[in-house]
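Below: the structure, in structure tokens.
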Amino acid sequence: MEALSSIIYTRNLVDEGNGRFNLMVLCWGEGHGSAIHDHANAHCVMKILQGELCETRYAWPKKRNDETKEPEELQELERNTIGLNEICYINDSLGLHRVENPSTANPAISLHLYSPPFSSCSVFNKQTGQRTSCKVTFWSKYGEKRNREIQDARCPEDN
Ligand SMILES: [Fe+2]
């Protein structure tokens, strides 16, 4: 399983919609998934082009007034399997989510539309609810591979 966990999903920018949206294709290796993340006040529509993906939705961490700031695990809301050609929508009012390819045998490919486009979002630690800002990176833009430095600039949890 060690080899599988080193497979990184790739984000490939297809179109920037004159600054109005980002359209991208994500390729998911077997068993690979995203961190739990928000969507920076944007709309997000995702369609499965190959294979299937599993989406787990979480509630936002509770706002805390006390000083203790005890870590609190994120509350899971629902799990959905998104099959071939199916579409899923999320925005911040619907919570957070993690997306993963549940297959140990087949890769998955998904098409994502984000509007308005955003350059950073937040990722969350499931156990503590801790939030970390994360810059959005692309493996390729318009079919051209980006340089290695950009590809490696990943958040610690974006694994
Ligand atoms: Fe997402």
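The values are calculated or read from the model by the stated rules, or taken from the named source; none is laboratory data. Bear in mind the structure is a predicted one, so any value in this text is a computation, not a measurement. Note that we place each Cβ from the backbone using ideal geometry, even for glycine, and neighbour counts take in every protein chain shown.
The figures follow:
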{"quantity": "Complete set of residues in segment 105-150 that are among the hydroxyl-bearing types (S, T, Y) and outside any loop (DSSP other than H, G, I, E, B)", "calculated": "S110, Y114, S115, S120, S122, T132, S133, S140"}
{"quantity": "Members of segment 102-132 found to be more than 11 Å from the ligand (Cβ to nearest atom), closer than 17 Å to L23 by Cβ and of a type in the set (S, T, Y), listed by number", "calculated": "S115, S119"}
{"quantity": "Qualifying positions in segment 35-75 - among the polar types (S, T, N, Q), at pLDDT 95 or above and in a loop (DSSP other than H, G, I, E, B)", "calculated": "N41, Q75"}
{"quantity": "Any hit, segment 36-55, residues being within 19 Å of S115 (Cβ to Cβ) and of a type in the set (G, A, S)", "calculated": "yes"}
{"quantity": "Selected residue (criterion: farthest from the ligand (Cβ to nearest atom)) from residues of segment 9-20 that are out of contact with any Phe, Trp or Tyr (no Cβ under 6 Å at 6 or more places or on another chain) and not in a strand (DSSP E or B)", "calculated": "N18"}
{"quantity": "Flag if V99 is touching a residue at least 60 places away in the same chain (Cβ under 8 Å), within 11 Å of the ligand (Cβ to nearest atom), among the β-branched types (V, I, T) and in contact with a Cys (Cβ under 6 Å, 6 or more places away or on another chain)", "calculated": "no"}
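Per-residue answers, yes or no, for (1) crowded, with 18+ Cβ neighbours inside 10 Å; (2) within 16 Å of the ligand (Cβ to nearest atom); (3) closer than 14 Å to I109 by Cα:
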position	(1), (2), (3)
L26	yes, yes, yes
G31	no, no, yes
D38	yes, yes, no
A42	yes, yes, no
Q50	no, no, yes
W60	no, yes, no
L74	yes, yes, no
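This table checks each residue for (1) surrounded by 20 or more Cβ atoms within 10 Å (Cβ to Cβ); (2) among the aliphatic types (A, V, I, L, M).
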residue: H97; (1), (2): yes, no
residue: P102; (1), (2): no, no
residue: L111; (1), (2): no, yes
residue: S120; (1), (2): no, no
residue: N125; (1), (2): no, no
residue: Q130; (1), (2): no, no
